[in-house]
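For reference, the structure is listed below as structure tokens.
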Amino acid sequence: MVANAEPIIESRPVPRVLRWLGMRVLFGVLTLFLVSVLIFLATEALPGDVARIVLGTNATPEKLAAVRVQLGLDQTLVAQYWHWLRGVLTGDLGTSLINHYPVGELLAGRLLNSLVLGVFALVLILPLSLLTGMLAARLRDRFYDKTLLGSSMIANALPDFVIGTVLAALFGTTLFHVLPPVALIPPGDLPWWHPADLVLPIAAMVIMGVAYLSRLVRVAFIDVLQSEYIQQAVLNGLSMRRILFRHALPNALGPITPAASLVAAYSLAGLIVVENVFSYPGIGTALVDAVGNHDLPIVQAIVLFMAAAFYVLNTLADVLANRTRRRR
Amino acid sequence: MLEVRDLTVGLSGGGAEIVRGVSLEVRAGEIMGVVGESGSGKSTMALALLGYARRGTRVTGGSVLIEDTELLSLTVRGLRAARRELVAYVPQDPGAALNPAIRIGNQLAEIGDRAGAGELLESVGLPGSREFLRRRPGELSGGQQQRVAIAMAVAARPRLIVLDEPTTGLDVSTQRRVLELVRDLCHGSAMAGVYISHDLAVVGNLADRVTVLYAGRIVETGTVGAVIGAPAHPYSRALLGSVPSTRERRELVPIPGRAPQPGEQSAGCRFTPRCAHAIAECGTREPALTLAAPGHAARCLRIGERLGRTETLVLPAKETTEGADAVLTVSGLNAHYGARQVLFDVSFALPRGNCLAVVGESGSGKTTMARCLIGLHDRQDGELSFAGARLPASAGARGREMQRRIQYIFQNSHGALNPRHPVGDSIALALRHFFGLRGKQAADRVRGALERVELPERFAQRYPAELSGGQRQRVAIARALACDPTVLICDEVTSALDVSVQASVVELLRSLCEDGLSLLFVTHDLGVVRSIADSVVVLNRGRIVEHGRTDSILGTPEHDYTRALLADTPELFTAPEPGSVPG
């Protein structure tokens, strides 16, 4: 044998994957830390005196000073950040400046509402995109394909709120008036107790998601349908349905899955807009309200949560992309 | 059994025709070979036999009759059934044509019945075990994949099997076994076969009858003996002249010019511009397919005339003084991939101005060896020396001068040229790197390099995708020549090319070698070796099993492995009888 003492790493793939995942988590924590600093600085930079927001315009200077001490606003920025971070790490997100409830308690119900909206939308987006995209690839350059391409391009080019507004106008007001234009879900109720209120917000999310994802699905399928193994399947006399679902789908899922998880991540931004269009009581509306009210602890908590969710979904996309690459 | 009449396939837009009025008859148990260069329309025709046209093309006329079924007038459903029960297709590249995501057992079960899948695999010489059926195509070797593709094709017991260059990517011994399998299937079970290939040697050994296709037209058809023994069309003759032989050092005669593209208009015979025997009338009138002898027809105006035969020149072996002046020597070379050793104690010398061929099957280590010599394989030890100086193992440690003097040409010229640069820029880059030349000086050298590989100056402006495979390979050679090398390492440079194009590349390399360049020619094709190489190294599983002069190694091989390789290589030409006049 040769005196070449290089260690052989190819034969042990499992630790490598674990190490990779460990690195991702570490980077995640680091990213979130940086995000938390940014959030803190940005919210602190918002105009307006927090003590005055808490007490109203008629407060006396003494009272203002007392509140500032109580909120720790007299301390240095670093100390204030440290105080906040320690709270976040121990599960204490602070209290609302407006109604003095704990932020966690205030947001829990909102979070559930948003989650329901997001999950319902995704559950519809994925299969719908798959079907419409697949059909477009199959009927490439025909009328259906061109219509889908054109309309999805328009849907994606429009600002996010337009689709929701159009839907609300069409089905919630003058024209058909079959569905409530605003989703009034009382606090404490679970969202699915009010299915009619859910329809339009979910529809808006689904239209935006499908318009984007179905185009990615279409391209992935066109690639696969041009491959030699699909030509061979046609030459083997297999039925079109079998070719699409058994032969093309497993191969197209490779490039589609990471794209789908990215779409899920971007849906977070859509969520904020859609919730506000329909006044849906989720964290999106809570965020906009909180920004308007200068309710800093709520803004900080929501943005931090969204950053974390975004990071997780992005990492998921990476993991899935990696997995497909390794299988090739 | 199969009766094709006036089959025509054109581009969907109308106008250009890829296959023009092809008529064929194949009987049960018979194999028809269809021969032509790339672009002759042979694959398009093969697909049309299954009633299939690629995207952008359309079967515009004619009939394909299999037994009593007219394939071109079937409904979608009927065609689907016909494609299982009447006609099946074996693709060129099973690696791409088998679905990577589906286990082969399931793929077989889609066409035949699941219970018979194991037995079916055994009939094509593969294990029929449950473990094997559970594998995916990616877990099989190229030969195994092609056997699976053939098993799938015959699973529903079709009456006709269409094979489109099924052995192109395989090495000779695998190729021989696949060809035997095809022959047994057709002759044994009264199935008709249509075998498409650019390789006359393969077709000559397998088929009962041969059809030669040029620019989408049949130019000659007849029994193998007639077409290969007494070709009646100048194109068939020209093709034969470009086929190498393992038995003698032939000068390969390339066909001048290039095959016409679909849509290029011509009133006369399409081969006229490349034909050595063309007369004025050839350019204006396209001849009909005329009988040259019973059962042997050709489409040539001058059929029946005794045209001067193209003499194939048998070249004398080059005089070499063994080991006297070695430009490159290798001694005790070992190489590894991870923990696996792929080269064992390889030693040989390349004499200056000689061509040394390194032959072996895939997996024999010949490409690894070439990569060791160019310095791209780090895990090697042993002694390399070049022009009397020690050659470091890594290309980075060699210094610019040594890098320049040893040049490498890859099998895949498509991957070796930057697709976003005109090819002239790719050559100029090498000139700037090694000689610091720019501007006009560089342009002059680029022109000179292209001239040496017989490409016109204007090709410098073209992008790799605009060139044919043979032209790209010439550009790659031109780039190496621009560096003014001492040694050229050629790694399977002709194996992706048609025989006629291969002939021109081989002759080019031979002329360079005669000008004093030393060549290390890595290949699996013993015919090409016989034509170009002065000496041969035979590699088997990383070890040299035989080493010597080409004439003696290929004439009187001593090692069993060399004998097996020679026996597996299809040979078109019968051994010259002593004393007979060639031609």
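Observations
- Computed P(r) (all Cα pairs; chain B; 10 Å bins; percent): 3, 16, 25, 26, 19, 9, 2, 0
- Counting only lysines at least 8 places from residue B:366 when in the same chain, those with an alpha carbon closer than 26 Å to its own are B:318.
- Spin-label pair residue B:67/residue B:265, simplified geometry with 7 Å Cα→Cβ offset, distance in nm: 4.6 nm
- Axis angle, to the nearest 10 degrees, between helix B:76-85 and the longest C-alpha principal axis of chain B: 70 degrees.
- C-alpha long axis of helix B:499-514 to longest principal axis of chain B, angle in °: 10 degrees
- Using a Förster distance of 22 Å, the FRET efficiency for residue B:418-residue B:468 (Cβ separation, nearest 0.05): 0.80
- Where Rh is the Kirkwood radius over Cα pairs, Rg/Rh for chain A: 1.08
- Computed in the context of the full set of protein chains, the accessible area of chain B at 1.4 Å probe radius has 48% of its extent on carbon or sulfur.
- Principal semi-axes of the equivalent ellipsoid, √(5λ) from the alpha carbon gyration tensor of the protein assembly as shown, are 66, 38, 26 Å from largest down.
- Unit charges at the beta carbon, dipole of the protein assembly as shown: most positive-side option, B:301, B:314, B:267: B:267
- Between B:351, B:133, B:331, the Cα set farthest toward the positive side of the dipole of chain B (charges on each charged residue's Cβ, about the Cα centre) is that of B:133.
- Association of chains A and B removes close to 2300 square angstrom of accessible area from solvent, both sides included, for a probe radius of 1.4 Å.
- For the range B:344-412, the Kirkwood hydrodynamic radius from C-alpha pairs, put into Stokes-Einstein at 37 °C and a viscosity of 0.692 mPa s, yields a diffusion coefficient of 250 µm² per second.
- Tensor-based shape of the range A:252-314 (alpha-carbon gyration tensor, a/c under 1.5 rounded, otherwise prolate or oblate): oblate
- Acute angle (nearest 10 degrees) that the helix B:469-482 long axis makes with the longest principal axis of chain B, alpha-carbon atoms: 10 degrees
- Efficiency of FRET between residue A:33 and residue A:99 - r from beta-carbon atoms, R0 35 angstrom, step 0.05: 0.75
- Charge dipole of the range B:327-563 (Cα centre as origin; +1 on each Lys and Arg Cβ, -1 on each Asp and Glu Cβ, all else neutral): 860 debye, rounded to the nearest 20.
- The residue B:76 and residue B:433 beta-carbon pair, evaluated with R₀ = 56 Å, returns a calculated FRET efficiency of approximately 0.45.
- Taking chain A as a Gaussian network of alpha-carbon nodes connected by springs under 10 Å, the highest mean-square fluctuation of the residues A:59, A:269, A:108 belongs to A:59.
- Under the convention that each Lys and Arg Cβ holds +1 and each Asp and Glu Cβ holds -1, the size of the dipole of the protein assembly as shown around its Cα centre is about 520 debye.
- Between residue B:345 and residue A:23, the distance separating the two model label sites (each 7 Å from Cα on the Cα→Cβ line) works out to 4.2 nm.
- Relative contact order (percent, whole number), chain A, Cα cutoff 8 Å, 6+ residue spacing: 23 percent
- Whole-number percent relative contact order across chain B, with pairs defined as alpha carbons under 8 Å at least 6 apart: 15 percent
- Around residue B:18: net Lys/Arg minus Asp/Glu count, Cβ-Cβ under 11 Å: +4
- Of every Cα-Cα pair in the range A:29-134, the percent that sits beyond 21 Å: 55 percent
- Percentage of interatomic Cα-Cα distances in the range B:185-260 larger than 21 Å: 31 percent
- Taking the Cα centre of the range B:1-112 as origin and assigning +1 to Lys and Arg Cβ atoms and -1 to Asp and Glu Cβ atoms, the resulting dipole is close to 440 debye.
- Dipole of the protein assembly as shown, positive direction: furthest Cα of B:518, A:261, A:120, with charges on the beta-carbon: A:120
- Prolate/oblate/rounded call for the range B:3-92, Cα gyration tensor, a/c under 1.5 rounded: oblate
- In this rough spin-label picture, where each label sits 7 Å from Cα along the Cβ direction, the residue B:454-residue B:389 distance is 3.5 nm.
- Cα gyration tensor shape of the range B:430-583, rounded if a/c is under 1.5, else prolate or oblate by comparing a/b with b/c: prolate
- Pairs of Cα atoms nearer than 8 Å and 6+ residues apart set the relative contact order; for the range B:183-330 it is 21 percent.
- At least 27 Å along the helix axis (C-alpha) and Kyte average at least 0.0, DSSP helices within chain A: A:13-45, A:103-138, A:195-225, A:249-277, A:296-327
The values are calculated or read from the model by the stated rules, or taken from the named source; none is laboratory data. Here the structure is a predicted model, which means the values were calculated and not measured. All Cβ positions, even for glycine, are placed from backbone atoms using ideal geometry, and neighbour counts span all protein chains on display. We work out accessible area using only protein heavy atoms, side chains counted, and drop any ligands, DNA or RNA first. Shrake-Rupley method; radii C 1.70, N 1.55, O 1.52, S 1.80 Å.
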